[in-house]
Amino acid sequence: MNTLTYESTQSLARGQRSLGDPSLSYPLFPPLVEGCPVTSTADLQYPLVIDYDYSNVPAGFFKRSPFAGIWRWGELLPPLAPGLSMGEGGTPLVAAPRLAGWAGTGVEVYIKDESRNPTGSHKDRLNLCTVSSAVLSGAPGITVASSGNHGAAAAAYAARAGLPCVLFITEGTEPHLIRMVSAYGAAIVPLPRPLRRVLMRELVHRAGYMPASSITATHTGHPFGPEGYKTIAYELYQQLGGRVPAAVFVPTAYAELLYGVWLGFKDMQRVAGIGPLPQMIACEPAAGAPLRAALSAGRPVVKVDEAPTAAYSIVVGSNSYRGVLAVRESEGEALALTDEEITTAQMALGREGLWAEFSSAASLAGLRQAAARRMRFDGPVVCLMTSTGFKDQGIPAPELPPVAPTWEAVQGILQQVYGLTV
């Protein structure tokens, strides 16, 4: 079948459903980016989730090979714009037995390396879906508030779609991100962080731009976005040889990734009876950790004070309701990780040949903390490595010792600094 036709016709999506009241449903278009209009209030906005005609999912759907191009899972994705895919997904699952020993757990450990996506992060899966919604809705452009992976991915897929992208960044954003999104042709607007969402919302309301990130105070996000992350669950099932992991550790900010992967596993159980399903383990920086606070308080959303952290990609001041649902439904957990724990995990990943963005190493740090807390898992566990360490250019490199240009000096440095006898 022709790829473009396949992408544009196969979706079984049939509407949007409120997470505030699951009995409330809405048409598939337009995407309700400001939350459920009936259940949301000024203080709490409930996101939407996509409904599908599950009765018509083809037999053997979850046995498809997990190659690049998530359009291959199109029946259980929102409609995708023809020709927009850049080969996102199909990322490697790396067995890591030495990391299992390092973490202190006796089960199989795997790293799902999302740094292999087109822009170097998991956000490509989400933005294929959100930018597709803009194309299919006739929106004149894309807008996003991000100083990291999300902004880069949105700008790249907007460029692919031939749409302008307005990126609201935080003042002081790393130059490498600005260079990256400039290459994609994005318009870049630096603002104080509290004002980014406010002025992005103005652009959405006044000019009709499609937001790829949330414009609501309690983070509803784009209803199509987490759907792209479901494909991680589908891939894991195939890559583990027809097994479901016992737990998935996920670097977590607003929990779109955590929730999306959980939706994928729920699809597998609903359509094919595959299970039992994994525990979803949210791995937040201790500098914020609003999801952990919300779960502890038994509330859908809480606000917390943020402290300085090198995990700037995932530190947020409030959680999203999606994360609460994913952890509760999966009987999972939300862990708070210090910068020291994440630093140690990033170094351990490096020793396995995996160069992770600092925030991305929170998942492995979470596994080690879980093992120290004597959490037990009956089967393999997967840590999502969401982005490449090349995104971490603001973190200083270790100082290198001066070396005289002689063999004796080189030999001495190798012995004294690196413990190598040559």
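Just so you know, all these numbers are worked out from the coordinates, no wet-lab data involved. This one's a predicted model, so the numbers in the text were calculated from it and none came from an experiment. Neighbour counts run over all protein chains shown; Cβ positions are idealised from the backbone, glycine included.
Tabulated results
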read-out: Rg/Rh (Cα only; Kirkwood hydrodynamic radius) as it applies to the range 62-163; value: 1.08
read-out: Alpha-carbon centroids, the range 201-261 and the range 103-182: separation in whole Å; value: 12
read-out: Extension reserve of the ALA297-SER65 stretch, reckoned as 0.36 nm per residue once the Cα distance is removed; value: 79.3 nm
read-out: The range 363-422-the range 36-55 distance, computed between alpha-carbon centres (Å); value: 43
read-out: Pairwise centroid distance, computed over Cα atoms, of the range 328-362 with the range 271-302, Å; value: 16
read-out: Segment ALA409-THR41, extension gain: residue separation times 0.36 nm, minus the distance between their alpha carbons; value: 125.6 nm
read-out: Among LEU48, LEU263, LEU240: highest mean-square fluctuation, GNM of the chain, C-alpha pairs under 10 Å; value: LEU240
read-out: Shape metrics for the range 311-422, restricted to C-alpha atoms - Rg then Dmax, Å; value: 19.0, 62
read-out: Antiparallel content of DSSP bridges confined to the chain, in %, to 5; value: 30
read-out: Amide H contacts under 5 Å for GLN16, placed H, 5+ residues apart; value: TYR26, LEU28, ASP51
read-out: Lys, Arg +1 and Asp, Glu -1 on Cβ, resulting dipole of the range 127-270 about Cα centre, debye, nearest 20; value: 120
read-out: The chain, relative contact order in percent, only Cα pairs under 8 angstrom and at least six apart counted; value: 16
read-out: Net dipole in debye of the range 316-383 [+1 Lys, Arg Cβ; -1 Asp, Glu Cβ; about Cα centre; nearest 20]; value: 160
read-out: Kirkwood Rh, Cα atoms: Rg over Rh of the range 175-224; value: 0.99
read-out: Most mobile of SER296, SER133, SER115 in a GNM of the chain (Cα contacts under 10 Å); value: SER296
read-out: Simple Cβ-charge dipole of the chain, Lys/Arg +1 and Asp/Glu -1, about Cα centre, in debye nearest 20; value: 560
read-out: Of PRO401, VAL57, PHE249, farthest towards positive along the dipole that unit charges on Lys, Arg, Asp, Glu beta carbons give the chain; value: VAL57
read-out: Exposure proxy ranking, count of Cβ atoms within 10 Å, fewest first, for LYS391, LYS303, LYS123; value: LYS303, LYS391, LYS123
read-out: Extended-chain gain in nm, criterion 0.36 nm per residue less alpha-carbon gap, ALA187 and ARG351; value: 55.2 nm
read-out: Of all DSSP beta bridges in the range 68-217, antiparallel share, percent nearest 5; value: 20
read-out: Pair LEU420, LEU400: separation of 7 Å Cα→Cβ label points (nm); value: 1.3
read-out: Vicinal HN-Hα couplings computed from phi for the range 284-290 (Karplus, 6.51 cos²θ - 1.76 cosθ + 1.60; Hz; Gly/Pro x); value: 9, x, 4, 5, x, 6, x
read-out: For the range 95-223: rounded, prolate or oblate by the Cα gyration tensor [a/c cutoff 1.5]; value: prolate
read-out: Interatomic Cα distance distribution for the chain, bins of 10 angstrom, percent; value: 5, 23, 33, 25, 10, 3, 1, 0
read-out: Cβ-Cβ FRET estimate between ALA217 and GLU331, R0 fixed at 30 Å, reported to 0.05; value: 0.55
